[in-house]
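For reference, the structure discussed in these notes is given below.
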Amino acid sequence: MSGGLHSLATIIKRSLEAATSRLEEIAEVNSNNALRLGSTDSSTGYTTVVPLVTASPLVPTMTPAPAVSTPPPPPPPAAPGVAEDPNSVIAFDDIVINAKVKPFVELTKSFASPPVIDVVDLIETQFKDLRGFIHLSATCQKPDQTTIDGLLTPLHAGIEVISHAKETNRKERDWFGHIAFLSEVAPHVGWIVSPTPGPYINDIKESVAYYGTKIMQEYKTKDAKHVEWVKALIAVLDESKKYIIEYHTAGLTWNSKGITVEEYQSGASATSAAPPPPPPPPPPPAAAPTAAAGGGAAAVFAELNRGEDVTKGLRKVDKSEMTHKNPALRGGSVVPASSSSTVTKKPIKPTKPQALAGKKPAKFTLEGNKWAIEYQENERSLTVEETSLSQSVNIYGCKNSVIVIKGKVNAVTLTNCQGTSVLVESVVSAISVTRAPSFVLQITGSAPMIQIDTTDSGQIYLSKNSLGIEITTAKCSSINVSLPVEGEEEGVFAEQAVPEMLRTVVKDGKLVTGVVEHVG
């Protein structure tokens, strides 16, 4: 019995030793495989061991494939070089537009009436157009005169629209002085065609001083913002003059080594690249779920959930469909369909400023017994000769011109002209001036009457033979008459102003009007 037990213990001991030996071999194999799957981190120097995943000691393990890293996207291409603005344009932006024009516009919008703001917006547009012309001249070679005239068209149109604003806003009694003040500034852009641009700006500043002084005197004790506004616009002119003296002393110049105007306008400049195409439009919004075809309460609530869009499908009710204007419709519950829905309404023709209608051809001719002088610009030596007592002279739409009328004529009419000077010897009936700001009239002989209507700023020179003349004015301001000084040589005048302020009183049931005189 003891021998059998000894044999059984020996068998168990040997089985346990064999199992232990087998387990040690398996553990050693797994340890070696784990070391072979390790990777060394270059940044830390340590080995990272990837654990084995095995179903059993007898199943071979599969090593995971290394992860493939995605290469970084290539850097975007360098943006093409964009040509910088010329120094004269950068200075114009800094000195004039940003420093003076924009603050003036903001000040205007803070207190002025809509008509004044509209005119100031036009002046701001003038400066933007002027900036574009300066950029053009600094980049391009000088083109022919026809091309230059075409490039100047927006500036000419701006001058006309701003000047015309004074006539269209005469009902603005509280703000008419402000609009007249602005209208005198309109020709300031003309320095780009003047050989002496600095003195040109001085002339503009002097022409606006009259209305500016009146505004400051009126509002000095009422509202200081009006005074600040006048000074702000004068500062715009002052800074424009400083800029001109520094960059355009002898007038605007062109770039002899630049590109042509055609290349500039087509964007084919070698110094600038075309801008990138705009991004694609965003996807359209998701359509709202439509109501069920069957209608009912669900369809009603679906329409109400559309919010403000629920009224987009409604049409305007015609007057013929309104029950409060058509008693006959009150008896029935159904409003008949409007017959006007099929009738096309005549569109309202937009009004076009007269200044933008295009430049009309000049005229200087004798038509029957009337001399027609029309649309003459910058003509300094127009002479009407071989006149007779039956002839009349009609001057219309002229600008900055000088007209000499020799001999004795029946009548002279000056209408819708600006900065026009007329030298006439003798007139039989009358001289009429209508809507002709900044006119100059000189009579070397005699004339019985001068009639002036709707005109601001005018100068009249009389001779010794015309001192018996009668002058009538209506809706005029700044009309001065120069009289020859008795005892002095010819050509010496004393200037006197035509009264503008009148006083009316009721006397014996009648209105009695007289001139207000300031004594003291």
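A few remarks follow.
- Full extension of the chain segment joining SER256 with LYS359 gains 34.1 nm, where the gain is 0.36 nm per residue of separation less the Cα-Cα distance.
- Gyration tensor verdict on the stretch 144-256 (Cα atoms; rounded if a/c is under 1.5, prolate if a/b is larger than b/c, oblate otherwise): oblate
- The loop-placed trypsin sites (Lys or Arg not before Pro) in the stretch 101-180, going by DSSP, that have at most 16 neighbouring Cβ atoms within 10 Å of their Cβ come out as ARG170, LYS171, ARG173.
- Amide H contacts of VAL433 (H built 1.01 Å from N, under 5 Å, at least 5 apart or other chain): LEU414, GLN451, ILE452, ASP453
- Residues ASP93, ASP129, ordered by accessible area of protein heavy atoms at a 1.4 angstrom probe radius and largest first, appear as ASP129, ASP93.
- Out-of-range pairs (alpha-carbon distance over 20 Å; input LYS142/LYS360; LYS128/LYS171; LYS109/LYS231): LYS142/LYS360; LYS128/LYS171
- Max-minus-min Cα coordinates of the stretch 166-219 on each principal axis give 39, 25, 9 Å, with the largest extent listed first.
- Relative to the compact-globule estimate of 2.2 N^0.38 Å, the Cα radius of gyration of the stretch 89-222 comes out at 1.13.
- Ordering SER381, SER429 by accessible surface, largest first, gives SER381, SER429; the 1.4 Å probe counts only protein heavy atoms, with every chain in place.
- Approximate shape of the stretch 383-520 as ellipsoid semi-axes (Cα gyration tensor, √5λ), whole Å, largest first: 28, 18, 15
- Around PHE493: net Lys/Arg minus Asp/Glu count, Cβ-Cβ under 14 Å: -4
- With an a/c value of 1.5 or above and a/b not larger than b/c for the gyration tensor axes a ≥ b ≥ c computed over the alpha-carbon atoms, the stretch 99-138 is described as oblate.
- Leading residue at positive end of dipole, the stretch 190-238 (Cβ point charges), from LEU233, ILE204, GLN217: GLN217
- Computed as a quarter of the hull surface, the mean projected area of the alpha carbon convex hull for the stretch 385-452 stands at 3.8 nm².
- Accessible surface comparison of THR383, THR434, probe 1.4 Å, protein chains only, largest first: the order is THR383, THR434.
The values are calculated or read from the model by the stated rules, or taken from the named source; none is laboratory data. Bear in mind the structure is a predicted one, so any value in this text is a computation, not a measurement. So basically every Cβ, Gly included, is an ideal-geometry build from the backbone, and we count neighbours across all protein chains shown. In case anyone asks, the SASA skips ligands and DNA or RNA and just uses the protein heavy atoms, side chains included. Shrake-Rupley method; radii C 1.70, N 1.55, O 1.52, S 1.80 Å.
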